[in-house]
1. For H68, which sequence-distant residues (separation of 5 or more, or a different chain) have an amide H within less than 5 Å of its own amide H, given hydrogens modelled in the peptide plane?
2. On full extension of the chain, what length is gained from Y43 through I22, given 0.36 nm per residue of separation minus the C-alpha to C-alpha distance?
3. Sorted by packing (mean other beta-carbon atoms within 10 Å per residue), highest first, where do 113-124, 8-19 land?
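Laboratory data are not the source of any read-out in this text; all were calculated from the coordinates shown. Note that the coordinates shown come from a computational prediction; the quantities given were computed from them, not determined experimentally. Neighbour counts run over all protein chains shown; Cβ positions are idealised from the backbone, glycine included.
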Amino acid sequence: MLFRMYRRYAERAGLEFELYDITAGEEAGIKSASFLLSGPFAYGFLKNERGVHRLVRISPFDSNSRRHTSFAALDVIAEIDDEIEVEIKDEDVRIDTFRASGAGGQHVNTTDSAVRITHAPTGIVVSCQAERSQHKNRSKAMKVLKARVYDYIMDQKKKEMERFYGKKGEIAWGSQIRSYVMQPYTMVKDHRMNLETSNVASVMDGNIQAFIDANLKAEAVAATPASGKVNA
């Protein structure tokens, strides 16, 4: 549902959406997904969406129609400029190939074109199966890996590792940045801004600009030096 929400947001905002990798859940839904949003200020708008999201609803997969609470963690990283050098040694990466999954029929790849790259020093794993060409998938996966390693290095240099893991938070109760409640009432609430709306359907259809704008305004206010006279 989050995957669809951000895809619909991209359509509303005029951003280009490109799916890199998606893994189905063991029973239902999506276990993980990786995609690229391209367009003016794409990262600037979405950077504060990074964090844990909480969903409360009657599960369609529960025969007893009980209410379920689910959590999903979202990472948002910027695509780094080609001029920024990120050294990734060949001996530090393991590259695995596998057969790309698909909807069936003509969409199923008959070759091991999908690529998964594991960076041993950081434990970062990225994968791509968007293209039928193994070479193109490897190139895209390496680009994502460089961006994530760069983000990781910057966090280490700033000694703010909580921004990389802690700020996103533990995927559990009390760590969410936003809640989407469909039962027993309807409400979407951003816990950072205490901004909420009862129109859950609109939000899940990608109408999240109000939350994005509120967080960007708060960020701008916090970065503005306080004005006033100083008595010597």
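1. HN-HN under 5 Å from H68: R57, I58, S59.
2. Length difference between fully extended and current span is 5.5 nm.
3. So the order, starting with the most tightly packed, is 113-124, 8-19.
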